[in-house]
Amino acid sequence: MILNVNNASFSYDGIRKQFEDISFSLRRGEVLSLLGRNGTGKSTLIKCILNILTPQSGRVDINGRRVTDMRPEEVAREVGYVPQVHHAVFPFTALDFVLMGRAPHISTFSVPKEEDYEKAEEAFARIGIAHLREKCISEMSGGESQMVMIARALAQEPSLLILDEPTSHLDIGNQMKVVATIDRLAADGIAILMSTHFPDHGFLVSHTVAILQNGRLIAQGPAEDVITKENLHEAYGVDVCVRYVEEAERMVCIPISPCGCRGRGEA
């Protein structure tokens with residue numbers, strides 16, 4: 001078991017629980033998609049897994065070790081993290097930026113060694129963006145920047161990769177590139193936890209889907225069992241249609257317009 005979250009609860013003020021009694025696990029090569037509306041606690045839960053925040057109760061274990069007993073560099077050797085948004089301040093090249101992912105493996109006041117450069121180059125090659133290695137990150141598109149962020153996380157050599165809404169600011173083409181990359185990394189044996197607002201991601205790449213609503217998991221399991229019109233209406237307050245599409249060879253989730261402003265068959 002790579003990740004085990006057991007009855008975890010967290011509150012910022014000690015009164016209102018941001019989330020409560022959350023339990024799930026993640027094995028090598030598995031992808032878990034975490035769904036839920038804004039403000040329901042997804043990002044806070046991720047911070048507890050990363051040991052940025054400490055749960056008031058319950059525990060988080062990574063590779064059999066309690067995360068609160070691990071030093072920051074130990075967590076960083078096990079977990080790669082890709083945040084929702086990264087704003088480049090300094091004009092680093094992509095290579096220099098990805099090399100920063102080697103920080104947990106480099107002692108204080110040391111400089112990157114040949115092995116560190118090799119690991120960075122491997123991360124570029126692994127996700128097919130070697131052509132970006134000399135490009136300035138402040139000049140990159142959103143899709144390019146996101147792929148470089150994933151490469152930096154991979155340079156850490158993690159057993160667990162956490163992505164917080166990795167496609168939220170990307171066009172549909174770059175969304176599919178990121179999803180395909182996630183699928184390949186899971187096939188290579190990395191455990192992946194991904195928070196997302198797109199239920200279709202569950203059908204595309206996930207082994208397990210969980211829905212967080214009002215601080216509790218209202219459903220978790222295979223995508224076909226969890227991504228239902230009933231669960232999504234409870235989580236998001238919208239009506240959806242979930243059905244199999246032959247052309248896509250998979251289930252899809254389609255929101256139903258609440259206003260009726262476009263009639264059937266209209267362009």
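The values are calculated or read from the model by the stated rules, or taken from the named source; none is laboratory data. This one's a predicted model, so the numbers in the text were calculated from it and none came from an experiment. All Cβ positions, glycine included, derive from the backbone under ideal geometry; neighbour counts span all protein chains shown.
Tabulated results
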| quantity | calculated |
| --- | --- |
| Counted residues, the range 106-128 - those being assigned to a loop (DSSP other than H, G, I, E, B) and either at pLDDT 95 or above or among the basic types (Lys, Arg) (or both) | 1 |
| Residue match in the range 180-191 (condition: in a helix (DSSP H, G or I) and charged (D, E, K, R)) | yes |
| Top-ranked residue in the range 33-58 [being part of a helix (DSSP H, G or I) and among the charged types (D, E, K, R); ranked as nearest to residue 156 (Cα to Cα)] | 47 |
| Out of 138, 145, 168, sole residue that is among the polar types (S, T, N, Q), in contact (Cβ under 8 Å) with a residue 40 or more places away in the chain and in a loop (DSSP other than H, G, I, E, B) | 168 |
| Unmet criterion (only one of (1) closer than 25 Å to residue 150 by Cβ; (2) touching a Ser or Thr at 6+ places or on another chain (Cβ under 9 Å)) for residue 222 | (1) |
| Sole exception among (1) in a strand (DSSP E or B); (2) under 30 Å from residue 233 (Cα atoms); (3) at pLDDT 95 or above; (4) not hydroxyl-bearing (Ser, Thr, Tyr) for residue 61, by number | (2) |
| Cβ pairs under 6 Å, 6+ apart, first in the range 238-251 and under 24 Å from residue 37 (Cα atoms), second surrounded by 10 or more Cβ atoms within 10 Å (Cβ to Cβ) and of a type in the set (D, E, K, R) | 240/229; 242/229 |
| In the range 21-42, the residues that are in contact with a strand residue (DSSP E or B) (Cβ under 8 Å, 6 or more places away or on another chain), at pLDDT below 95 and either of a type in the set (Lys, Arg) or surrounded by fewer than 19 Cβ atoms within 10 Å (Cβ to Cβ) (or both) | 37, 42 |
| Selection count, the range 59-95, where residues are surrounded by 15 or more Cβ atoms within 10 Å (Cβ to Cβ) and in contact with a Phe, Trp or Tyr (Cβ under 9 Å, 6 or more places away or on another chain) | 2 |
| Options 80, 101, 29; residue that is in contact (Cβ under 8 Å) with a residue 24 or more places away in the chain and either part of a loop (DSSP other than H, G, I, E, B) or of a type in the set (Val, Ile, Thr) (or both) | 29 |
